[in-house]
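First comes the structure, then the notes that go with it.
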Amino acid sequence: MGAREDFTNDAMQYAPQLFATALRMTRNRADAEDLVQETFLKGWRAFDSYQQGTNLRAWLFRIMTNTFINKYNSQQRRPQETELDDVEELFLFRRMGAFDQSKMNQSAEDQMLELFTDEEVKNAIESLPETFRIPVLLSDVEGFSYKEIAEMLEVPIGTVMSRLHRGRKAMQKMLYEYAKERGLVDESLLDPQD
Amino acid sequence: MADCQETLNELESYLDSELSEGRANEIITHLKGCTDCQGAYEFHADLRTAIKTKATNEELPEGFLDRLRDCLGDDVLGND
Ligand SMILES: [Zn+2]
């Protein structure tokens, strides 16, 4: 049982990250906890097939992603690519001139942290259709490589790249809309677009 | 050498650390000499940091880790 005890101890350090991503996937705390428990049980039972020295964190996220997709009957592998409007390139960057400067007086990095609330960022991610939300979570939030994400989702790397690109743009547009609703944006300050 | 359009097109892959070393160096060289692209790069890098920080700012439910250990313990005993 030694190896399995090692599994529990090693895997437990990833539980908080798994929970945060599970929450963005399921959008519900109780379902997120169930999903993490199921992930650990599957990992525990499949531990014989886990190869020592491979990346335990990626292995757990792969199990969780697959469990989520299967359990929630996701369309991940047969996606409706049209379920997301096309957003222009550099959407948010091109509109930063419209943000109220009086609310933006810190260093650039702090500015970005101040500009959007935690809730807005969480909502922007959760508003993405699953097909786009899962790659964005695995990349932007968890930092997995295109190759790792492609393996987790069992889709080609090019598909991962295009879903990330479209998902990120849609998320930026959503963040811009939230900022507008909070009165942070004065669109008259924008240069007229051609 | 990468021009502005190429740099902006590949900014995302660069931020994802997915460019070859040679190509990444061409992008870095361009960024050093172009304040417009450097601004776009910093904006997206800061945005990425903000998203990651905020999306992971979650408190675990009370007793979460204990329940997780318990469910693995139960599985060992065969009463799942
Ligand atoms: Zn440039």
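The values are calculated or read from the model by the stated rules, or taken from the named source; none is laboratory data. In this text the structure is predicted, and so the values were computed from the model without any measurement. Ideal geometry is used to build each Cβ from the backbone, glycine not excepted, and the neighbour counts take in all protein chains shown.
What to note about this one:
- Qualifying residue in segment B:62-71 (condition: within 15 Å of the ligand (Cβ to nearest atom), more than 10 Å from every other protein chain (Cβ to nearest Cβ) and in a helix (DSSP H, G or I)): no
- Tally of residues being small (G, A, S) and either crowded, with 20+ Cβ neighbours inside 10 Å or within 13 Å of the ligand (Cβ to nearest atom) (or both) across segment B:14-55: 5
- Residues that are assigned to a helix (DSSP H, G or I) and surrounded by fewer than 18 Cβ atoms within 10 Å (Cβ to Cβ), drawn from segment A:30-48: A:A30, A:D31, A:D34, A:E38, A:K42, A:W44, A:R45, A:F47, A:D48
- Residue match in segment B:31-48 (condition: at the interface with chain A (Cβ under 8 Å from one of its Cβ atoms) and under 30 Å from A:N9 (Cβ atoms)): no
- Long-range neighbours under 8 Å by Cβ, at least six apart or interchain, first residue assigned by TED's automatic domain parsing to the domain that holds A:R168 and under 30 Å from A:V185 (Cα atoms) within segment A:71-97, second part of a loop (DSSP other than H, G, I, E, B) and at pLDDT below 75: A:G97/A:D191
- Those residues of segment A:123-141 which are assigned to a loop (DSSP other than H, G, I, E, B) and surrounded by fewer than 21 Cβ atoms within 10 Å (Cβ to Cβ), in sequence order: A:S127, A:P129
- Qualifying positions in segment A:57-115 - modelled with pLDDT under 85 and at positive phi: A:N73
- Annotation: of all residues in segment B:1-13 being within 12 Å of the ligand (Cβ to nearest atom) and crowded, with 17+ Cβ neighbours inside 10 Å, the one that is nearest to the other protein chains (Cβ to nearest Cβ) is B:L8.
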